[in-house]
1. All but one of (1) in contact (Cβ under 8 Å) with a residue 24 or more places away in the chain; (2) buried (at least 17 other Cβ atoms within 10 Å of the Cβ); (3) of a type outside the set (A, V, I, L, M, F, W, C) hold for K347; state the number of the condition that does not hold.
2. Testing A721 on (1) closer than 23 Å to G809 by Cβ; (2) under 36 Å from the mean Cα position of the chain (by Cα); (3) not hydroxyl-bearing (S, T, Y), one condition comes back false. Which one is that?
3. Collect the residues in region 816-871 that are more than 16 Å from V901 (Cα to Cα) and of a type in the set (F, W, Y), keeping them in residue-number order.
4. Suppose the filter is at pLDDT 85 or above and more than 25 Å from E331 (Cα to Cα); does S380 pass it?
5. Which one is nearest to the chain's Cα centre (by Cα) among residues in region 76-88 that are open to solvent by 40 Å² or more (accessible area, probe 1.4 Å) and at pLDDT 85 or above?
6. Can you name every residue in region 287-304 that is open to solvent by less than 40 Å² (accessible area, probe 1.4 Å) and hydroxyl-bearing (S, T, Y)?
7. Restricting to region 498-507, name every residue that is surrounded by 12 or more Cβ atoms within 10 Å (Cβ to Cβ) and either among the small types (G, A, S) or not in a helix (DSSP H, G or I) (or both).
8. Return a yes/no flag: does region 724-732 have any residue that is under 33 Å from the mean Cα position of the chain (by Cα) and assigned to a helix (DSSP H, G or I).
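The values are calculated or read from the model by the stated rules, or taken from the named source; none is laboratory data. In this text, all values refer to a predicted model and were calculated from it rather than measured experimentally. Cβ sites come from the backbone with ideal geometry, for glycine too, and all protein chains shown count toward neighbours. All accessible areas refer to the heavy atoms of the entire protein, side chains included, with ligands and DNA or RNA removed. Shrake-Rupley method; radii C 1.70, N 1.55, O 1.52, S 1.80 Å.
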Amino acid sequence: MPGRPSVRANRAAKAEGATSRKTSTAAKTRASSTRSSTYAIEIPEEGPATSLRERVCTTFSDAQKGVTTQRKSAVNLRKIQELCCYETPNPRKHAFADDARDYDESDFNEEVSRCVLRVFSIKKSESVGDRLVRFLGFFLKYASDKDNAIFRNPDADATDGFPETPTSRLTSHILNLTLQISQAKDKVVRYRSTQIISHVVNTLDSIDDDLFAIIRLALLRRLKDKESNIRVQAVLGLGRLAEETDEQDEDEDSEDEDAGGVLNKLLLALQHDPSAEVRRALLLNLPFTPTTLPYLLERARDLDASTRRVLYSRLLPALGDFRHLSLQHREKLLRWGLRDRDENVRKATARLFRERWIEDCASTQTAEAEVEEAPEQPKSKQPEKVSDPNMDALLELLERIDVMNAGGESGIAHDAMKQFWDGRPDYRAHVTFEDPFFEDVTAESMFIARTFNQFCRDSGDSALESMREDKMPEVTKFAFLLQRHIAKLMALVSKVSQLTDNLDSYAEDPDCDEAKAITDQQAQAEEDAVQQEFCVEQLLHIALTLDYSDEMGRRKMFSIMREALALADLPEECTKLVVETLRLVCGKDIAGEQEFCSIVLEAVAEVHDTIIGEEQQQNNEDVDDSFHSAQSDVAPSREKTPQAGDFDEKKAYQEIMVNLKCLHIAQCMLQNVQCDLEQNSHLVTMLNNLVVPAVRSQEAPIRERGLLCLGLCCLLSKNLAEENLTLFLHCFAKGHEALQIIAVQIISDILTRHPSLLAQPVASDPEQEAGANPLVKPIYKMYSKSLRAPDNGVQSNGCISLSKLMLAGTIQDNDLLKQLILAYFDPETQSNPGLRQALTYFLPVYCHSKRQNAEAMARVAISVIHTLAERAEDLDEEEEMVGINLVVAQLCDWTDPRKCVPMMDKLSHDITEGELDGHLVLVVEALEKILSPGCNKEERKHYVSIFSKIYLSPTAPVAEFQTISALLTEALESRVANEASARNALAKLQTSVTKLLATVEEDAPAEDEKEYSGVRSSTEQTPEALEEIVEASEDIPDANEMDVIDTADLTMLTKPDHEGTVFNDYDEDDDSEEVDVMTGLAKRHVEDSLVESLLDDSDDTIS
C-alpha cells in the first residue's frame, strides 16, 4: 500500500483545486444567467503519444468489452492512479512503474477526462456507452474507497467531512467538464452528459458542496428537456437529491423556473410528464414518505399499463407491510388493480394480494412469538419463504380490507378472493368447514365459506367440485344451520328495536346515565345485527348453489324459507335471497312456478296481517286504559293528547313500512317468474289487490315501489304494457328526478321486451293507408327531454336507455341520433361522466354495426357540425369545447365503410340494395351544404376538410358517383370556394370520382351500361337517348304497379331551416295531429328505374 502522498501530488492538487474553484464559479455564474449558453465538445489537442495515454486508453478499451472485465480494468486503472499520485519507498512491480515517474496527478486526470469526452458522442442505441458509464462510476467508487482508507484519521470526529483525495479531485474535474456541455444542442451529448452526472451522483457517497448545488441546478433544467430519455436520466439523478432540504440548495439569484424544492418538482413531473417512461422512473426513484405516498399510489390510475404494473409488482411489495396503508388506500388499490383493463396489471395485483399481503398477516404471529422468547431482538423482516396456511392470517387479511363493505355483490372482495383461491392451492386444501367452523362465525369466516364454494362451483373443474362437496355440509344439515342463524338475526333485530323504544323514553333527559348506557347498548346491538345480517346473506348465497335432489333436505329448506319469508322484520337483502332460494327449491317447471307464486302471496298476506294484529293489541290496551281514564280529572286528559298523536304517527309509519315490505316481496317474486300474467291467477290477484292500490297511494315511497311492481307486471303482459305506457309517460312528465329515472327505465324495459308496441299499425282496409302509431311521438319526446334534463341521473339514464334501443333497432330516428351526438360534444355534459362514457361506447358501435346506421349518422353529420360551430361561437370564457376539426375527423371515422362489421369479413365492399355508403352520403350532404346560400366561409372550411378523410369504394352505385360529380361541377363553376385550398380539395375529389366512373364503366357489361344510363340527369339526355332507354326497359314493371310516393297529402310539421332539412320537433305541445315528415329530396335513395329517371326533381314541390 502506498505510504504517503507525493510532493508533486500536493502541488498538482493545489493547482487542480484552483482550477476546480474557477470552473465551479463559472458554472454557477452561467447557471444564474438568464441566457442558456451552448457548449460544443472540444477535444483537447492530442499531442505526442505517451505511455500513460496508452495505458489509460487500453484500460478503457478493455472495459467496454463487457461487464465481466470491468472490475479487472478498474483495478488496473487504480494502480496507474496510485503510481501517478502517490510516492512509495518500495513501489510494487508494475510494467508502468518506471514510466510513472514522469507523470503526476494532473496528467492522469487529463487522460481520463480525454477518454470520457469520447463517451458523449455515443448514441443511446449503442451498449458500449452504457458500459463505459458504468465502468466510470465503478472506478470512482472503488478508488474513493481506497483513498478514504488511506486518508482516514482514527482520531477524527464523526461529524468531520470527507478528506480531499486524488479521486475526489478527479471526480470534481470530470463533473465540471460534464456540466459545461450538459446544455449542448446535440441531444446525444445532453443524454450522455446527464447520464454520467446521474450515475456518479448515485454511486459516490459525498460530493463537494459547491459542486452539489451546480449539479442540482443542471439536473433540474434537464428535467424539462424536450427529449424523454434525457428527462429519465435527470430523474435518476434527482431521486438521490430529493430528500435534501430546500433552504440549503435554493438559489435566490436563479430564475423562477429553477427555484423551488427538488421534491416538489419531481412530484409535479410525476403527475404531468407526458412520457410514461419518465413517470415510471419517478415511481421507482422517489423516496417513500408521507408526502410522496399519495402521489405514488395515484399512479394506479396512470394511462400507461406498464406504469400501473410497476406500481403493483415492484413499488407496493417494496413498500413493506400493507397495514401501514389506510383502509381507503387498500380498497382503492385492490379495486383499481383487479379491475384493470390490462391483464398483466390484474395478474400483478392478484399476486400482491395472495402472496405479499397474506404473508404480512401470517408473519405477525411468528414475530410475536419471537418477541416473547427474545424481547431484546428486533423484529424479523419479511419471511424469505412462503408461510404455511394460516386461517387466522386469512381472517385478518379480510378484516383489513373491510369485507363487510367490500363483500357486497359488486364489492372488490369477491374478485380478490377469487384470485386468492386460484393462486393458493395450499389454502384450498387446508380450509375445512366442519361443525366448529359454524359455531362462532364472523363476517370474515362466513365470507371465506361463500367464496370458496363459489370458486369451486364456477371453476368447472371436477376435482374442485368434488372438493366442494366433501367440505361443505349436506343440505339438511345446512338447512338447520341457516335456521339457527336466521333466528339469531331476528333476536338481534328485536333487541335493537326494544332498545330504541327504551331510548325514546329518555328523550327529555338524553344526558342521564341510563340514556347513555342504553345508547352504548344500542350501538353494540346494531353492530352485531349488521354482522349477523351479513352472515345470513352469505349462507343464503351458498343455499342458491346447493343440490336439492335430496327430497328430505329440499322439504326442510322449503319450510325454513317459507317461515323466513313471513317475517316482517327480515332485512330486504335477506328477503330477496330468501325469495330466490324458494324459487329454486320449488322447481323450474310450470307447476313449481305456480306453487312459488301461491307461497309468496301467502307470505305477503301474513306480513300485511301484522298491522291488524298490532291494532287489536293496541285496542285491548285502550280498553284497559279506559277504566283508569274514567277516574281521572281534566288535567291528565289534556296530557294524553300528544301521546295519542305520537301513537298515530308511529302507527302510520309502521303501516308504511309494512306496505313497503309487502311490495318488496312482490317485486322479488315478479323478478323470478316468466309466465304470462293473464294465465296466472295468483299474479292477477296480486296486481289488483296490492300493486294497483300502491300506485294510487298518496305516500311517495309506496307509490314509487308500486310503480316498479307495475312495470314488472307489464313485462309479463303486452296488453297491460300498452294500457299503462301513458301512465309511465305521465310520471316522467310530472314526477321528480327519482320518479323520472324509474319511468325511463320501465319504459325502456317494456320496449325491449315488447318492441312491437312501436310498430306501424295495420290498416283495417287494405285500400287505405295506416295511421301513425300514437305511442311513437310521446315516447320520442320523452327521450328527447331526458337528454336535456338538468339532473345528471335522468340525463345518463335516458342516454343509456335510448342507446340500447337504437342498437337493438327498436328506435330509428335521426333527430334523436343528432341529439346524442350533440350531447357527446356539448361542453355542458362535462360534469356528467356517466353520459360521456356511455356515448363513447355507443356511437362507434352503432355506426360500425350496420350500414344503415352509418348512413343515418352521415345524414345528420352536417347538421351536427353546423350546430356545434354556432355553439363554439357562443362559448363563455370559462367553458372549453373540443375543436370542430376534431369533430369532423370523428364523424368521418364513424361513417367509414371499411370499419363496418359486416364488411370486415368480405373481400369486396359490395353494397346491399337499399343501403348506401356512409362516406358517399356524407360527401353529398357536404356538397349540398356548400352550395346552399347560408353557408359562411368558416363553416365551408370544415365541410371541405371532409373530402380528404373519406373513402370511396369502387363498387358503390354509379348513380351516387354521378350525383357527386354533378355537385362538384356545380361547385367549381359557381366558385363557391374562393380559397385556393378549398378549390384544390374540390378538384382533387372530382378527379378521383372521374377515375372511379371511368373504371366502373369500362368494367361493366354492355347491358348494364344501358341500365346505368337510365339514372343520369335529364338535362344530359337527348330525345334519342330517351328512346333507347324506353326500348331497353321493356322488362321494367309499369309505373302503376310500382310504389310511387304520394306527395299530395304530405304536410310540413315545421318549416325547413336554412340548411334545407326538416327535423321532427318532439317538444311541440300540440300532440293531437300525427303527420309524416319528408326531410328533403336530397335524402331520398336513387332507384335504378325508368320512372325516376324521367322525373325532374327541380319541378317537384311539396305543399
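1. Going through the list (1) in contact (Cβ under 8 Å) with a residue 24 or more places away in the chain; (2) buried (at least 17 other Cβ atoms within 10 Å of the Cβ); (3) of a type outside the set (A, V, I, L, M, F, W, C), K347 breaks only (1).
2. Unmet condition: (2).
3. The answer is Y824, F825.
4. no
5. Checked region 76-88; the qualifying residue nearest to the chain's Cα centre (by Cα) is N76.
6. If the condition is that a residue be open to solvent by less than 40 Å² (accessible area, probe 1.4 Å) and hydroxyl-bearing (S, T, Y), then T292 is the only one that fits.
7. Of everything in region 498-507, just one residue is surrounded by 12 or more Cβ atoms within 10 Å (Cβ to Cβ) and either among the small types (G, A, S) or not in a helix (DSSP H, G or I) (or both), namely Y506.
8. Here is the first cut: in region 724-732, the residues under 33 Å from the mean Cα position of the chain (by Cα) are 732.
Next, only the ones that are assigned to a helix (DSSP H, G or I) stay: 732.
Yes, that holds for at least one residue.
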